[in-house]
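These notes concern the structure reproduced below.
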Amino acid sequence: MSAGAVFQEALRALRRQGLPEEAERQVLAAMEAGRPGPLALLYAVGAEVGLGREVLLRRAAGLFLCSCAANLADDLADGECSYLEEPQRVGPGVQFALQSLCFTTLARSELPAPVLAEAAGDMVTAAGLQVLEVRTAAWTAPRFQQVAEGIAGQQWALYLRVLWEGTARAGRAVEVGRSLGVAAHVAEDIRSGDARFHGMSEEERREVVAWAREAVDTVRREGLASLEAALRTVEAFLPS
């Protein structure tokens, strides 16, 4: 139910814009494609640190919209966007709409301006590293780590920075979020057979896995049940 509540908040944000029916349909398709994604985890890690429900839903919804924008950009780059009509022509506008919806939603969630600016800067970094990712032909451990930290690590750092603002955990958000994103990125590449990981030498793969396990340890030390649940999924794909 928590994931559904966040999605409904994101849907309300979309409906408030009064877009033409055809445009709204395409944005909604991209939102459905990004679902469930981080919905449940965003709610859980915000609720566990004591964030009020209204603020939590708005922050989590804004971050989900950011995630959908990033997911769409990735699918367009990989030629895997099957959920939009004429994706190469329609996709950029939908991605722009999703990113803008993210900011309109976060602006209503009691975030200080400096935190919102910091989150925007982190989004720029993550987007910039996606350019590096698609232009990399041969993967090495250092390049893999650079991209993983810049994309997944930076995204989750900003997610927790936004979610935990105003709570006792705010000062730990960036380190914990970055570590969670890195560990999840490595696990997903292993699970999916992605060439970023599997195309490296055995020695470099071992180096990356050891790096991911250090990230898992950092997250685990935070002692939050919501994060522990996420780590169990991650560890299932990290070789011992």
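The values are calculated or read from the model by the stated rules, or taken from the named source; none is laboratory data. Quick caveat, the model's predicted, so the values are computed rather than measured. Note: ideal-geometry Cβ built from the backbone for every residue, glycine included; neighbour counts use all protein chains shown. Quick note on the areas: whole protein, heavy atoms, side chains included, nothing else; ligands and nucleic acids left out. Shrake-Rupley method; radii C 1.70, N 1.55, O 1.52, S 1.80 Å.
Among the listed residues Ala184, Ala117, Ala170, identify the single one that is under 16 Å from Leu41 (Cα atoms) and under 19 Å from the mean Cα position of the chain (by Cα). Break it down stepwise before answering.
Details: Ala117 fails: under 16 Å from Leu41 (Cα atoms); Ala170 fails: under 16 Å from Leu41 (Cα atoms).
Only one candidate passes the filter, namely Ala184.
Cβ-Cβ distance below 8 Å, separation of 6 or more or different chains: which pairs start in the stretch 211-240 with a residue that is open to solvent by 60 Å² or more (accessible area, probe 1.4 Å) and end on one that is not in a helix (DSSP H, G or I)?
Note: pairs meeting the criteria are Arg213/Leu238.
Starting from residues that are of a type in the set (Gly, Ala, Ser), part of a loop (DSSP other than H, G, I, E, B) and surrounded by fewer than 20 Cβ atoms within 10 Å (Cβ to Cβ), keep the ones in the stretch 1-41 and report whichever is modelled with the highest pLDDT. Write out each step before concluding.
If we filter the stretch 1-41 for residues that are of a type in the set (Gly, Ala, Ser), which is where we start, we get 2-5, 10, 13, 18, 23, 29-30, 33-34, 37, 40.
Applying the additional criterion that residues be part of a loop (DSSP other than H, G, I, E, B) yields 18, 34, 37.
With surrounded by fewer than 20 Cβ atoms within 10 Å (Cβ to Cβ) added as a condition, the list becomes 18, 37.
On the way: Gly18: 95, Gly37: 91.
Per the stated criteria, the residue is Gly18.
What's the number of the condition Ala141 fails, among (1) over 19 Å from the mean Cα position of the chain (by Cα); (2) at pLDDT below 95?
(2)
Can you name the condition, by its number, that Glu22 falls short on among (1) over 23 Å from Val174 (Cα atoms); (2) touching a residue at least 12 places away in the same chain (Cβ under 8 Å)?
In the conditions (1) over 23 Å from Val174 (Cα atoms); (2) touching a residue at least 12 places away in the same chain (Cβ under 8 Å), Glu22 misses (2) alone.
I need the full set of residues from the stretch 44-60 which are in contact (Cβ under 8 Å) with a residue 12 or more places away in the chain and either more than 17 Å from Phe103 (Cα to Cα) or within 12 Å of the chain's Cα centre (by Cα) (or both), in order please. Please lay out each step first, then the result.
Taking the stretch 44-60 and keeping what is in contact (Cβ under 8 Å) with a residue 12 or more places away in the chain, we get 44-51, 55-60.
Those that are in contact (Cβ under 8 Å) with a residue 12 or more places away in the chain and either more than 17 Å from Phe103 (Cα to Cα) or within 12 Å of the chain's Cα centre (by Cα) (or both): Ala44, Val45, Gly46, Ala47, Glu48, Val49, Gly50, Leu51, Ala60.
Within the stretch 132-167, which residues are of a type in the set (A, V, I, L, M), over 18 Å from Ala40 (Cα atoms) and open to solvent by less than 60 Å² (accessible area, probe 1.4 Å)? Talk me through it step by step, then tell me what you get.
We begin by selecting, within the stretch 132-167, every residue of a type in the set (A, V, I, L, M); these are 132, 134, 137-138, 141, 147-148, 151-152, 157-158, 160, 162-163.
Okay, now just the ones that are also over 18 Å from Ala40 (Cα atoms), so 132, 134, 137-138, 141, 147-148, 151.
Once the filter is applied, which keeps residues that are of a type in the set (A, V, I, L, M), over 18 Å from Ala40 (Cα atoms) and open to solvent by less than 60 Å² (accessible area, probe 1.4 Å), the stretch 132-167 yields Leu132, Ala141, Val147, Ala148, Ile151.
Leu76 passes all but one of (1) under 17 Å from the mean Cα position of the chain (by Cα); (2) touching a residue at least 24 places away in the same chain (Cβ under 8 Å); which number fails?
Only one criterion in (1) under 17 Å from the mean Cα position of the chain (by Cα); (2) touching a residue at least 24 places away in the same chain (Cβ under 8 Å) is unmet by Leu76, namely (2).
Within the stretch 78-91, is even one residue in a helix (DSSP H, G or I), under 16 Å from Gln26 (Cα atoms), open to solvent by 30 Å² or more (accessible area, probe 1.4 Å) and of a type in the set (Phe, Trp, Tyr)?
No - not one qualifying residue is present in the stretch 78-91.
With the requirement that a residue be part of a helix (DSSP H, G or I), open to solvent by 10 Å² or more (accessible area, probe 1.4 Å) and not charged (D, E, K, R), what does the stretch 42-65 give you?
Result: Tyr43, Ala44, Ala47, Val55, Leu57.
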